[in-house]
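Visitor: Sharing a structure with you now.
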Amino acid sequence: MLISLSTWKHGFHPNRITYDALLAGRSALDAVELGARYCEADLTCMSVGRGGIPDASGHVTLDASIMDHEGRCGAVAFVHNYEHVASIARRVMEKTPHIMLVGEGAEQFAEEEGFTRTSLLTTKAELLYKEWAKQPDKLHVRLRRAEEGEHEYVFVSVDEDGNHTEIQRESVGLPPINESHDTIGIIGMDSEGKLAGACTTSGLAFKLHGRVGDSPIIGAGLYVDGEVAAAVATGTGELVMRACSSFHIVEMIRQGMAPEEACEVAIQRIARDKQLKDDMQVGLMVIRRDGAWASRSLRPGFQLAAASKRLGGANQLYNVTEKSISLAKEA
Ligand code: SD4
């Protein structure tokens, strides 16, 4: 019963890597970690790993979590100098009695564990930061639903009268094509029916220095219960954190709700958040223990990559709309 699901269009290649690892007999935990690592090293992906967009002080800081079918979990947050944060999270899970390490402590642990120290800031991300820093109150970054379903950053200038005008991507050093990306969340089921998940991100562009989102928070960005389901979230982390969305989905499934209904109810909860704004998005995905999976987003524009035995092993991109998409139980 092999299944892998990855968030967003840029999850397509990582999802292939995850699914191939499952096919090769690797555990769900290994497979999701491998997919996450691919994305963390992909420099075109500007919100995961190296190459991510910096925070408001010009630093790229990464957050990640990982969880297995036995409820073991690990997380790191506010990591400045190591690219493979999902693997560091796994190491926290496997080698310490703790769940989460942050900042300097996480980096010291990574160093001791032999992870390679590296600068996360690429020239492209630095150029973008410099543009933003010239007029942080005039250049706003918003998340927009792009035509082909990708969630992308758009840049908006604000004039003295407070009027917002979208500005060309070229003028902030980005190519005109739709090339922006988001956090990756990967959930998978292996040949033994075991579930696992990973979530890794540089977080929201130009976030306040020190801000940590939902991705490393167990129960918010990621939750796995091997007897029930694995769920992952992406999008505006503050919304997901207030609703504990991944945990919420898994618990509703535990009580007998179908995966698509659980996604629906979790999204409706987020839709009632009093801080919700037009440009905020959330995407949720879940795999139930029997292989049924579903996904739902707050607004159109969320995509996911799915590969499964039922899909003949093909890796496919799905557009998730305001309606849930779901695939029935795997044979
Ligand atoms: C965060 N949830 O840090 C992440 C960002 C994300 O799609 O997933 N964007 O809030």
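The values are calculated or read from the model by the stated rules, or taken from the named source; none is laboratory data. This one's a predicted model, so the numbers in the text were calculated from it and none came from an experiment. Using ideal geometry, Cβ is built from the backbone for each residue, glycine included, and neighbour counts are taken over all protein chains shown.
Visitor: Please go through region 1-18 and pick out each residue that is under 22 Å from L43 (Cα atoms) and either within 15 Å of the ligand (Cβ to nearest atom) or in contact with a strand residue (DSSP E or B) (Cβ under 8 Å, 6 or more places away or on another chain) (or both).
Guide: Of region 1-18, the ones under 22 Å from L43 (Cα atoms) are 5-18.
Across region 1-18, the qualifying residues are L5, S6, T7, W8, K9, H10, G11, F12, P14, N15, R16, T18.
Visitor: All but one of (1) under 25 Å from Y223 (Cβ atoms); (2) modelled with pLDDT of 90 or more hold for G52, so report the exception by its number.
Guide: It is condition (2) that G52 fails.
Visitor: Which residues, counting only those in region 6-41, are within 13 Å of A86 (Cβ to Cβ), touching a residue at least 24 places away in the same chain (Cβ under 8 Å) and not aliphatic (A, V, I, L, M)?
Guide: Step one: of region 6-41, the residues within 13 Å of A86 (Cβ to Cβ) are 6, 14, 17-18, 29-41.
Now drop any that are not touching a residue at least 24 places away in the same chain (Cβ under 8 Å), which leaves 6, 14, 18, 29, 31-33, 35-41.
Across region 6-41, the qualifying residues are S6, P14, T18, E33, G35, R37, Y38, C39, E40.
Visitor: Considering each residue of region 31-53, count those that are buried (at least 18 other Cβ atoms within 10 Å of the Cβ) and not in a loop (DSSP other than H, G, I, E, B), and give that number. Steps first, answer last, please.
Guide: Applying the first criterion (buried (at least 18 other Cβ atoms within 10 Å of the Cβ)) to region 31-53 yields 31-40, 42, 45-53.
Cutting the leftovers down to not in a loop (DSSP other than H, G, I, E, B) gives us 31-40.
Summing the residues that are buried (at least 18 other Cβ atoms within 10 Å of the Cβ) and not in a loop (DSSP other than H, G, I, E, B) in region 31-53 gives 10.
Visitor: Six or more apart or on different chains, Cβ under 7 Å: which pairs go from a residue in region 196-222 that's charged (D, E, K, R) to one that's part of a strand (DSSP E or B)? Could you list them?
Guide: Sorted first by the residue in region 196-222, then by its partner, the pairs are D214/A233.
Visitor: Do you know which residues across region 288-306 are in contact (Cβ under 8 Å) with a residue 40 or more places away in the chain and either more than 14 Å from the chain's Cα centre (by Cα) or within 17 Å of Q255 (Cα to Cα) (or both)? Talk me through it step by step, then tell me what you get.
Guide: Initial filter on region 288-306 (in contact (Cβ under 8 Å) with a residue 40 or more places away in the chain): 288-291, 293, 295, 297-306.
Correct list: R288, R289, D290, G291, W293, L298, R299, P300, G301, A306.
Visitor: Assuming A56 fulfils every condition listed in (1) hydrophobic (A, V, I, L, M, F, W, C); (2) within 16 Å of the ligand (Cβ to nearest atom); (3) buried (at least 24 other Cβ atoms within 10 Å of the Cβ) apart from one, which condition is it?
Guide: (3)
Visitor: Oh, and also: Would you mind stating whether L22 is farther than 19 Å from V320 by Cβ and buried (at least 24 other Cβ atoms within 10 Å of the Cβ)? Step through it out loud before you land on a result.
Guide: Numbers: farther than 19 Å from V320 by Cβ: yes; buried (at least 24 other Cβ atoms within 10 Å of the Cβ): yes.
The answer is yes for L22.
Visitor: Further question: Where in region 59-111 are there strands (runs of 3 or more DSSP E), lying wholly inside it, with at least 2 residues that are surrounded by fewer than 22 Cβ atoms within 10 Å (Cβ to Cβ)? Can you show your working first?
Guide: Values: elements: 62-67, 73-79, 100-102.
So the answer is 100-102.
Visitor: Next up: Looking at the structure I just gave you, is E192 at pLDDT below 90 and under 24 Å from R37 (Cβ atoms)?
Guide: On the way: at pLDDT below 90: no; under 24 Å from R37 (Cβ atoms): yes.
When the stated conditions are applied, E192 does not pass them.
Visitor: On to the next question. Tell me, which residue of region 202-219 that is under 11 Å from the mean Cα position of the chain (by Cα) and at pLDDT 95 or above is surrounded by the fewest Cβ atoms within 10 Å (Cβ to Cβ)?
Guide: Ranking the candidates gives G213 first.
Visitor: Just one of the numbered conditions (1) over 15 Å from the mean Cα position of the chain (by Cα); (2) away from the ligand (no atom under 16 Å from the Cβ); (3) of a type in the set (G, A, S) is not true of A41; which one?
Guide: Only one criterion in (1) over 15 Å from the mean Cα position of the chain (by Cα); (2) away from the ligand (no atom under 16 Å from the Cβ); (3) of a type in the set (G, A, S) is unmet by A41, namely (1).
Visitor: Could you list, in sequence order, all residues of region 1-32 that are within 14 Å of A196 (Cβ to Cβ) and of a type in the set (V, I, T)?
Guide: Within region 1-32, I3, T18, V32 meet the criteria.
Visitor: Wholly within region 191-297, which helices (runs of 4 or more DSSP H) include no fewer than the required count, namely at least 2 residues that are of a type in the set (D, E) and more than 16 Å from the ligand (Cβ to nearest atom)? Talk me through it step by step, then tell me what you get.
Guide: Details: elements: 237-243, 245-254, 259-271.
Where helices (runs of 4 or more DSSP H) fall fully within region 191-297 and carry at least 2 residues being of a type in the set (D, E) and more than 16 Å from the ligand (Cβ to nearest atom), they are 259-271.
Visitor: Kindly list, by first and then second residue, each pair from a residue in region 100-120 that is under 14 Å from D63 (Cβ atoms) and modelled with pLDDT of 95 or more to a residue that is β-branched (V, I, T) and part of a helix (DSSP H, G or I), limited to pairs with Cβ atoms under 6 Å and residues at least 6 apart or on different chains.
Guide: As it stands, the answer is L101/V92; A110/I88, since those pairs meet every condition given.
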